[in-house]
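Taken together, the values in this text are just the output of simple stated rules run on the coordinates, not laboratory data. All of these numbers come straight from a predicted model, not from anything done at the bench. Positions of Cβ are generated from backbone atoms using ideal geometry, with glycine treated the same way; all protein chains shown enter the neighbour counts.
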Amino acid sequence: MDFSIETGDLQKAIKLLSVTAKVNVLDSTGMVLITAGEDGIITFLSNNNSTALSFTSDRAEVRVPGAAVIEYGKIKSFVSSFHAWNDQDGVKDFHFGLHNNFLDVSIVNTHENGKVSKGNLQLRVYDVHMIREPKKFGKPNFVLNSTIFRTATNKVLYAINPSDTRAFLQGMNVVFTEDEICFVGTDGQRLSEYKVKNISDLDEGMFLLRYDFIMGLRRVVDSENHLAFEFDDRSVKAAFDDVIFWGRTIVGGEFPDYKPILASFENSIVLDKEVLMSSLLPFTDILNPDDNYRLTFSLANGEMILSCDMAEFTYAGEIDHPGSFVIDLNGQYAIQTIEVIKDDKIVIRFSDDDGVLIFDSGNFEDQAALVTPIRRR
């Protein structure tokens, strides 16, 4: 194997591979498979047995095709230490040459003063069969703008507990209908659903994404990419530009049917988000962790009252609810829930003292979130 690859592409590959490749590990999870094809394409692949990532580059010159497996941790800092050629100084490309059981990586670095230095890294190579190559990307099920994906996950991730013993609560459920795409996550105590208009070609489907796949994809995707997703029975692939990211879907148990709970309310009030947060944030450090961060939310005589054993805040603004209502809930959960709703108006929905508290965007009604109550003392 003998090839040269432009510095910018190699550094991009090394940065992306940090999502899946481990450092200081000698098993397959710490390795990278480099393939130089006869077509002049260089492919970098890492697979940690849960997620995998490949990056391909055509900004290369392949003199001798071939493949080699190397330790990611041994090449990471070497590649990242130089800046790419800017027509005056820097490193134009990296040369890779396979000799016996070692892969030599060499560079020529032109400094700002015009002087030149040379560098060489010798890497041990491992069996190319160490790394399992995932199934290639085929036909996408749907395409999603990366901004929508990032926004949706920002609004849902806080409600997911990846360490929950119930597999179907460990990830984000994505549901397609003719009109909407719903992203939802729950840990059984709180739930968040974010809805966007469905402009994709898929009008029916349900996919449960693992937490590590979501977090990994968030790290590798840029803000203006279009993500092509392909699903099969147990895996998911996302492709954009020269990157393919693999993961596993969650199987075993159906996602809870939460829609009836979100629809089961009799009353609602609308408050300024600033009013809510200015009343909630002072409780941050005084709620009792041994009592589930208990916060009492009540409505009475046209006022909203937030209280715990140590503090009380009363808001006497326009509360359009003539009756009384009281519920205890986890105050930290309430703060997290309201913080991620990007709207200046918050609608709060409820029925009776034994029900749940539902929050939503007051202007758009596209992010419904609920917090389950704590039994009152």
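Observations on the model:
- Take the Kirkwood radius over Cα pairs of the stretch 93-242, plug it into Stokes-Einstein at 20 °C and 1.002 mPa s, and you get 115 µm²/s for translational diffusion.
- At R0 = 25 Å, FRET efficiency that the Cβ-Cβ distance of residue 206 and residue 339 yields, to 0.05: 0.35
- Cross-link partners of residue 197 among aspartates and glutamates (Cα-Cα below 15 Å; sequence separation of 8 or more within a chain): 178, 179, 180, 365, 366
- Violating pairs (Cα-Cα greater than 22 angstrom) within the set 155/345; 15/92; 15/139; 74/136; 12/342: 15/139; 74/136; 12/342
- Cα centroids of the stretch 287-305 and the stretch 135-178: 33 Å apart.
- Taken over the alpha carbons of the chain as equal point scatterers, the Debye sum produces base-10 log I(q)/I(0) values at 0.07, 0.09, 0.14 Å⁻¹ of -0.45, -0.66, -1.09.
- With R₀ fixed at 22 Å, the C-beta to C-beta distance from residue 136 to residue 99 puts the FRET efficiency at about 0.10.
- Rounded if a/c under 1.5, otherwise prolate or oblate - the stretch 174-270, Cα gyration tensor axes: prolate
- Simple Cβ-charge dipole of the chain, Lys/Arg +1 and Asp/Glu -1, about Cα centre, in debye nearest 20: 1440
- With helices as the sole contributors, the chain gives -4500 deg cm²/dmol at 222 nm; each DSSP H run of n ≥ 4 counts as -39500 (n - 2.57), and the sum is divided by every residue.
- The stretch 2-130: C-alpha gyration tensor shape, a/c 1.5 cut-off, then a/b vs b/c: prolate
- Shape category assigned to the stretch 263-374 from the gyration tensor of Cα positions, a/c cut at 1.5: rounded
- For the stretch 312-371 versus the stretch 19-44, the gap between their alpha-carbon centres in whole angstrom: 49
- Each label was represented as a point 7 Å from its Cα along the Cα-to-Cβ direction; for residue 233 and residue 301 these points are 6.5 nm apart.
- Stretch gain in nm, segment residue 275-residue 249, where the contour uses 0.36 nm per residue and the Cα spacing is subtracted: 5.3 nm
- Here's the picture: a label point sits 7 Å out from the Cα of residue 266 along the beta-carbon direction, and within the stretch 358-377 the residues with their amide nitrogen under 17 Å of it are 358.
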